[in-house]
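The values are calculated or read from the model by the stated rules, or taken from the named source; none is laboratory data. None of the values given here were measured: they were computed from a predicted structure. Note: ideal-geometry Cβ built from the backbone for every residue, glycine included; neighbour counts use all protein chains shown.
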Amino acid sequence: MRKLLVLLFVAFGLISISAQNKQLLYDFNEIPQSLLLNPGTKPSFKWHVGVPVLSAFNLQAGSSGVTVNDLFANDGIDFTAKVRERVINSMTERDEFSLSGQLELFNAGFRSRNNPDIYYSFGMYGEGYLSQFWPKDLAILAFEGNANNLNRQFNFSDLTTQGEVVNVLHFGVNKQLDQDWTVGARAKLYSSVLEFKSKGNTGYFETTQGQDNILRNSVVANVELKTSGLQEFLDIIDEDTGTTQVDLMNRFVSRSLFGGNLGIGVDLGFTKSLGANSYFTASLLDLGFVYHSNAVKNYQVVGSASNEGLEIRLPDDLANFNDQLWQELIDDLEEQVDYSTNQASWLSLRPIKLYSSFRYNFGEQSTGGGRTRRDNCGCAYNVGGGSANDQQVGDYKNAVGGQLFVINRPKGSQAALTAFYQRRLGNFLALKTTYTVDKYSLSNIGLGLNFQAGPVNFYVLGDNLLAYSNIADSHYASFQFGFNILSWNSN
């Protein structure tokens with residue numbers, strides 16, 4: 001039985017295997033969606049419109065511990081031995097399984113006619129993520145049992161999980177202050193579909209020598225799971241009517257379109273020129289919160305209890321041994337450890353993200369006859385997105401640099417470092433390759449392609465390409481693509 005519980009832990013982790021780092025998209029100015037990662041970037045177009053639902057799709061999955069191949073590879077090793085060596089003995093409470101995704105419903109932007117230094121953008125997208133930290137102590141308890149772990153405290157602090165589905169309506173303003181500074185801000189209105197989280201739990205389970213029986217089990221617990229929106233979906237599933245799928249979809253749409261719990265937030269960012277061909281950028285995303293007040297159901301287990309199992313008096317109880325004795329044991333535990341539910345409102349802070357980068361451009365583009373792209377521009381704003389007298393990112397064939405990403409997680413901040421090289425091939429193709437180091441991988445090589453065919457813009461970005469030959473053995477994977485229509489040749 002205990003081995004079955006461990007397998008359930010592992011299965012849950014593998015199914016839900018966030019980084020949420022979009023290092024390929026960040027500072028990829030040719031792609032309109034880069035504005036969502038830095039509202040203070042330099043837009044390289046006069047207007048853009050995303051193809052509805054197809055303008056941006058992103059899926060990321062990561063496992064900092066075990067992979068599917070570690071457990072299910074046909075290597076002649078007993079499966080139970082794999083679980084013991086590669087999961088139970090190797091993984092720590094800081095190992096994480098995570099999944100995140102984003103789907104853009106619509107996105108558009110345009111440059112102000114009265115002040116071409118200002119670029120407005122707006123849209124709506126839905127996103128979700130799941131983060132499950134490995135409950136090491138409880139996994140050991142489930143796999144090994146308590147008989148051989150006397151006087152060991154199995155901590156409940158390992159219980160850390162968080163997940164959500166949220167819809168976001170946003171409006172951003174990007175302004176070039178002068179030749180050195182471009183700043184931006186984006187206001188967000190969150191509509192939470194569902195969210196759950198459990199963190200900061202305390203307590204333990206311990207087995208010691210008993211007095212009346214062989215073993216004495218003790219529990220000290222202060223454990224809480226907060227949920228909102230989740231119970232509504234569970235109730236629909238429990239009803240199991242002929243319209244269950246339709247009811248689930250209707251409820252999902254209703255809560256997505258501001259029928260759920262609401263919140264507000266803001267993104268901030270800037271680009272600072274450090275010279276004729278180098279830039280420093282930074283952005284802070286999702287500085288905000290969601291207030292959960294409807295469809296809330298919270299679960300709490302608080303208290304302490306000790307027992308030595310069933311107390312049986314022989315021979316009297318032997319003749320009357322029945323379910324009543326078990327019920328008395330359960331009632332005794334429930335009296336000592338309080339299990340309750342409530343509908344108390346709660347505040348959820350958004351997972352704040354920090355991006356920053358340094359970029360050096362070189363190899364000025366030529367349009368023929370010795371003329372540069374700046375010389376060839378006959379409009380107030382060139383393809384690079386700045387004034388005709390400014391030298392923009394798009395004026396160069398090459399760019400190199402580094403990026404930093406930090407995200408706030410339930411067990412502390414997580415960081416990633418990226419080195420990148422970007423290459424432009426005329427007006428129709430831009431490539432970006434990255435090498436990223438984070439908790440999931442030390443050999444993450446990514447490649448992004450941005451195609452421009454007249455007004456049609458298409459991009460595809462893929463991470464951890466070396467692992468694609470055996471995706472089951474990968475600790476991390478990420479894929480993004482999208483279609484946009486945008487200004488072309490200054491139209």
(request) Would you point out the residue of the range 470-490, among those that are of a type in the set (Gly, Ala, Ser) and modelled with pLDDT under 70, that is farthest from Leu54 (Cα to Cα)? (result) Ala472
(request) Assess whether Asp95 counts as being closer than 20 Å to Gln414 by Cβ and either of a type in the set (Val, Ile, Thr) or out of contact with any helix residue (DSSP H, G or I) (no Cβ under 6 Å at 6 or more places or on another chain) (or both). (result) yes
(message) Could you tell me how many of the residues in the range 15-46 are outside any loop (DSSP other than H, G, I, E, B) and modelled with pLDDT of 90 or more?
(response) 5
(request) Provide a single number: the residues in the range 417-445 that are surrounded by fewer than 20 Cβ atoms within 10 Å (Cβ to Cβ) and over 20 Å from Gly363 (Cα atoms). (result) 7
(request) Could you check how many residues of the range 166-197 are over 17 Å from Leu103 (Cα atoms) and either under 16 Å from the mean Cα position of the chain (by Cα) or acidic (Asp, Glu) (or both)? (result) 5
(request) Tell me which of these Asn107 doesn't satisfy, since it passes every other one: (1) under 19 Å from Asn464 (Cβ atoms); (2) modelled with pLDDT of 90 or more; (3) not hydrophobic (A, V, I, L, M, F, W, C). (result) (1)
(request) Restricting attention to the range 245-279, report how many residues are hydrophobic (A, V, I, L, M, F, W, C) and not in a helix (DSSP H, G or I). (result) 7
(request) With the checklist (1) loosely packed, with under 13 Cβ neighbours inside 10 Å; (2) of a type in the set (A, V, I, L, M, F, W, C); (3) at pLDDT below 70 in hand, flag the one item Ile312 doesn't pass. (result) (1)
(request) Write out, first by first residue and then by second, each pair whose Cβ atoms fall under 6 Å of each other, whose residues are 6+ apart or on separate chains, and whose first residue, in the range 97-120, is farther than 15 Å from Gln480 by Cα while the second is among the basic types (Lys, Arg). (result) Arg111/Lys46; Asp117/Lys175; Ile118/Lys175; Tyr119/Arg111
(message) Within the range 320-349, take every residue that is assigned to a strand (DSSP E or B) and more than 27 Å from Glu164 (Cα to Cα) and give me the one that is modelled with the highest pLDDT.
(response) Asp338
(message) Any residue that is acidic (Asp, Glu), more than 30 Å from Asp178 (Cβ to Cβ) and buried (at least 18 other Cβ atoms within 10 Å of the Cβ) - is there at least one of those in the range 81-89?
(response) no
(request) Could you check Gln414 against (1) more than 25 Å from Leu130 (Cβ to Cβ); (2) at pLDDT below 90 and say which number it fails? (result) (1)
(request) Inspect the range 350-357 for any residue being more than 29 Å from Val166 (Cα to Cα), basic (Lys, Arg) and at pLDDT 65 or above and give the result as yes or no. (result) no
(request) Would you please list the contacts, defined by Cβ atoms under 6 Å and residues six or more apart or on different chains, that run from a residue in the range 194-207 that is modelled with pLDDT of 90 or more to a residue that is among the aromatic types (Phe, Trp, Tyr)? (result) Asn201/Phe156; Gly203/Phe156
(request) Would you check which residues across the range 112-143 are in contact with a Phe, Trp or Tyr (Cβ under 7 Å, 6 or more places away or on another chain), over 30 Å from Ile88 (Cβ atoms) and crowded, with 20+ Cβ neighbours inside 10 Å and list them? (result) Gly123
(message) Looking only at the range 47-73, count every residue that is in a strand (DSSP E or B) and either within 16 Å of the chain's Cα centre (by Cα) or over 30 Å from Ser121 (Cα atoms) (or both) and tell me the total.
(response) 7
(request) Restricting attention to the range 227-246, report how many residues are surrounded by fewer than 16 Cβ atoms within 10 Å (Cβ to Cβ) and over 24 Å from the mean Cα position of the chain (by Cα). (result) 11
